[in-house]
Amino acid sequence: MWKRAVSVVRALTRRTQFEDSMTEEVRFHLEQYAADRRRAGVPEQEALRQARVAFGSLDVVMDDCRQARGLRLVDDLRRELAYAARVLRKTPGITITALATLALCLGANLTIFAAVQSILLRPLPFPTPDRLMLVFNTYPKAGVPDDGCSITNYYERRGSIAAFAALGAYRDGNGIIGEAGSTEREWITQVSPDFLATLGIAPAMGRAFTDDDMLRESARVVILTDAYWRQHFNGDRAVLGRSIRVNGFRHTVIGVLPASYRFLSSKARLYFPLSSSLEDRGPDRRHWGSATHMIARLKPAATLAAAQAQIDAHNAAMERTNPKARMIADAGFRTIVTPLHAHHVASIRPALLLVQAGAVVLLTIGIVNLANLLMIRMSARTRELAIRQAIGASRHRVLIELVVETSLLTAVGGSIGVGLGAAGTRLLARFGAEHLPLGAEIVFDARVASLGFVAALGIGIALGLIVGWYSLRQLESGALQGESRTTTASRAAQRLRHGFVVAQIALAFILLSGASLLALSLGNVMALSPGFAVERTLSGHVSLPGSSYPEGASILTFAERVLQNVGATPGVRFVGLATNVPLSGNDIKSAARVKGHTFRPGESLRGHYSYGVDGDYFSAMGLPLRQGRYLTASDSRGSTRVCVVDEDFARRYWPDGRALGQRIFQGSDEGPDTEAFTVVGVVGAVKQADMTEDAAQGAIYYPLSFRLDGELFIVVGTSVPPETFASTLQRVVRRLDPDLPVTDIQSMDTRIAESLVARRSPALLAGIFSSLALLLTAIGTYGVLSYAVSQRRREIGLRMALGAGPRKVQRQFLSMGWTLLLTGVAIGLAGAWATGHALESLLFRVPAMHGATIAATIAVMTTVSLTACLLPARRAARMSPMEALADE
């Protein structure tokens, strides 16, 4: 089989050489036969004659040779394609319209499918990825649906869950990498010893971490990703044992990861041990919320349900000795085991699937439009097909020609669509796709391109069979007369074309209504006040290494220097520091206990956003003061414990408005009064994690000295455009400490925009799809009615000759358009209702059936459809009776 295929390919690629050799071979056999006859005593001329008689026609012999080599089929196909190309060139307008329609619709589908495949369908790049699970703690009644896990959880569960073949933990972060004066901030990940084994991989060079590497005192080793190794060590295989400077400490390189390794959406390029002290692993820290995450690999025979039951039993056993077990239970504590991949992409799955559905609807409209165009085109060729059949062409032959013709058309359109899909995939980055889960992995690969080609060919074959079958059936029923220029089209043909228009209107209505709902939802989100200043506010992240800032006093000294130097820079109105800023991606919450608060039945301790702030943070962020005063830099330099809460927190605990002077304790328990923080101010609530969050979670702002952290955000209120101040901020901090880069420098307006990517992109794509759908619907409606006018010229001429006025003729065709429009809208309303309910998870403060949106959609569809109807109707009304009858 393989040899035959190679032979065919060789013959096709060297066709001239093949034909010459075949001619020589036939001539050789002919001469050999004649020579044999001459040796038998036959005269030369008679021998040649007998040889030709024995061989028959040389053309037939050579054609049989071509067929034996499989070339005849190729030649036939080539002739069919050449004929199809000539036919398509005869109607350039319809051909170009069909190519553009298919290319745009297929390109849009391939672009979205590339994202769907990369994010939702492609398995994680690990052995048996379906066995990988994410394990996380949840406290829903405390307002903390996903709290990761604690170091204690990891050590208690490791080896204790029979369904798990392996258990690992990891924590994302960042580090200051490089020698003094040339440092840069890199994303890093800290992992447990069995993290890589849980994923099912091993370092390409060196070794993985061990339990000995996990103690904080000995965690001075690092594993590099392949990209970092090649960039910074030029792929030197002698890298093991070399050291790099991380946060001021030397770390020894012990391994390099495989080039194919990637973990979820992580940007980390260096891996460190998830180090901890023995105290961090104690039972009293079992529910210490952190940014630590846990993954597990199920055993081959284990099920998800079994793993969930076992971890529930394990938690119950652990909590029996916990003195705070009742409080934890009241918070709704449970540990969830869920597939890793599915959980990671859960937030974007509904949006992607709905956008893909919208693209499929657009493609359906395009195919319907294409079918309509081909039906109109075939109507003009009805007489040709009838004549061909009359002189002997078989139905099978005619059908094959039509299928080849439509397949060639869609193959060319599909090729253009594949190119548009590849370009569209690159454009997804402009929509912020890299901010989506696994968004950086979106690629337009051979699988997507192949799907595009196969889909285009399938559409061509299907359209060819449908249009060919219908045309041949029309011929059988006497359509030679019914589709002639002297009479109107057959009722069956009219119904089919009108059905296509109705389908286009209905599908376009569904797309437009869905796009309008998404746009209205996005508008509602963007109209929300984030609670802080959006313009003229800049924030940047600084990570203070423990080697240079080992104590709280050194952190406060650095903070004071930043406030002084940045505050003295021209263009700065306010400058402050905080351990976090809204919409940074860090939404960790901490427990707080209000002195004297009695929990109501069913109420539990809640987690609240907690900040350490310094300087003029509130003024820089533009947070409005509701009561009392702001915290100032002096509060972080004094010993008085004070704090500021937001109005959500105040409303929850002191609905009577008497928040000032109340006392709050950090943590879940009330302590001595000397450890309580007195509320001195109430500020406006801000959107902390998401612009659409409705839960009044509450926030507490402590002086930085009482909530020290080496991860700080510098917040600057400027009198100049904030983006222009970014390099100045970087330069000022570098002067204070050459080892400290300022990263993640963004205006608060940019942070809001990035947080809305998952809402903005579907709305934008749906708007593009609906616009294309409207255009295709207008083209389809215009094409059908325009063809109807051309087919009914004789009827129109006769009616006008008998006294029918232009307005009456125009009303006739407008009435036809109205009928198609109303039917399509009626069907579209049912589809819009279903679409609205499917979009509910993506809508914000918008009902599934929004009256104003439906009315606007009807108005747009009416305008587009009637505009498409008006042009043919006016042409019919202006027709001269004498010219119409003379043409016939």
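What to note about this one:
- From most to least packed by mean Cβ count within 10 Å, the peptides 358-371, 562-575 give 358-371, 562-575.
- Local charge for Pro300 was computed over the other residues whose Cβ lies under 14 Å away, with Lys and Arg +1 and Asp and Glu -1, and equals +2.
- Per residue Cα convex hull volume in Å³ - calculated over region 89-200: 287
- Ranking Pro140, Leu520, Thr743 by Cα position along the charge dipole of the chain, where only Lys, Arg, Asp and Glu carry charges on their C-beta atoms, puts Leu520 farthest toward the positive end.
- Unit charges on C-beta of K, R, D, E only; dipole of the chain, Debye: 3040
- Semi-axis lengths (Å, descending) of the ellipsoid that matches the C-alpha gyration tensor of region 590-685: 22, 16, 12
- Angle in degrees between helix 726-736 and the longest Cα principal axis of the chain, rounded to the nearest 10: 40
- In degrees, nearest ten, helix 395-427 long axis to first principal axis of the chain (Cα): 30
- Taking a point 7 Å from the Cα of Ala423 along the Cα-to-Cβ direction, the residues of region 108-124 with backbone N closer than 16 Å to it are 108-112.
- Loop-located trypsin sites (Lys or Arg not before Pro) across region 281-381 with a Cβ neighbour count of 10 or fewer within 10 Å are Arg320, with loop assigned by DSSP.
- Using a cutoff of 8 angstrom between alpha carbon atoms and counting only pairs six or more residues apart, the relative contact order for the chain works out to 16 percent.
- Kirkwood Rh, angstrom, region 236-300 [1 / mean 1/r, Cα pairs]: 15.6
- Directionally averaged projected area (region 663-735, Cα convex hull): 8.1 nm².
- Region 563-716: relative contact order as a whole-number percent, Cα under 8 Å and 6+ apart: 37
- Degrees, to the nearest 10: 44-55 long Cα axis against longest axis of the chain: 50
- In this structure Tyr609 has an accessible area near 20 Å², from a 1.4 Å probe over the protein heavy atoms.
- Label point 7 Å beyond Cα of Thr364 along Cβ direction - residues of region 435-457 with amide nitrogen under 19 Å: 455-456
- Evaluated over the Cα positions of region 318-370, the convex hull gives a direction-averaged projected area, one quarter of its surface, of 5.8 nm².
- Unsatisfied cross-links (Cα-Cα over 27 Å) in the set Lys324/Lys589; Lys141/Lys267; Lys141/Lys687: Lys141/Lys267
- Förster radius 45 Å - calculated FRET efficiency between Ala753 and Ala204 (Cβ-Cβ, nearest 0.05): 0.70
- Spacing of the two label points (7 Å from each Cα toward its C-beta) at Leu736 and Asp656, in nm: 4.4
- Placing +1 on the Cβ of every Lys and Arg and -1 on the Cβ of every Asp and Glu, with no other charges, gives region 250-345 a dipole of roughly 300 debye about its Cα centre.
- Stretch gain in nm, segment Ala305-Thr674, where the contour uses 0.36 nm per residue and the Cα spacing is subtracted: 128.0 nm
- Most to least packed among 82-93, 756-767, 440-451 [average Cβ atoms within 10 Å]: 756-767, 440-451, 82-93
- Computed from the Cα positions only, the extents of region 699-761 along the three principal axes stand at 40, 31, 24 Å, in decreasing order.
- Based on DSSP H segments of at least four residues, each scored -39500 (n - 2.57), the chain has a per-residue ellipticity at 222 nm of -17000 deg cm²/dmol.
- Overall dimensions of region 517-638 by Cα: Rg and Dmax, Å: 18.1, 55
- Among 129-138, 259-268, the peptide with the highest mean count of other Cβ atoms within 10 Å heads the list, and the full ranking is 129-138, 259-268.
- Full-stretch length increase - Arg600, Val534 - with 0.36 nm per residue and alpha-carbon distance subtracted: 20.0 nm
- Multiplying the residue separation of Ala325 and Glu217 by 0.36 nm and removing their Cα-Cα distance gives an extension gain of 35.6 nm.
- Legend: P(r) of the chain from all alpha carbon pair distances, 10 Å bins from 0, whole percents, reading 2, 9, 15, 17, 16, 12, 10, 9, 6, 3, 1, 1, 0, 0.
The values are calculated or read from the model by the stated rules, or taken from the named source; none is laboratory data. Quick caveat: nothing in here was measured; it's all calculated off a predicted structure. Counting neighbours? That spans all protein chains shown, and the Cβs are built from the backbone with ideal geometry, glycine included. Heads up: the accessible areas ignore ligands, DNA and RNA and are worked out on the full protein's heavy atoms, side chains in. Shrake-Rupley method; radii C 1.70, N 1.55, O 1.52, S 1.80 Å.
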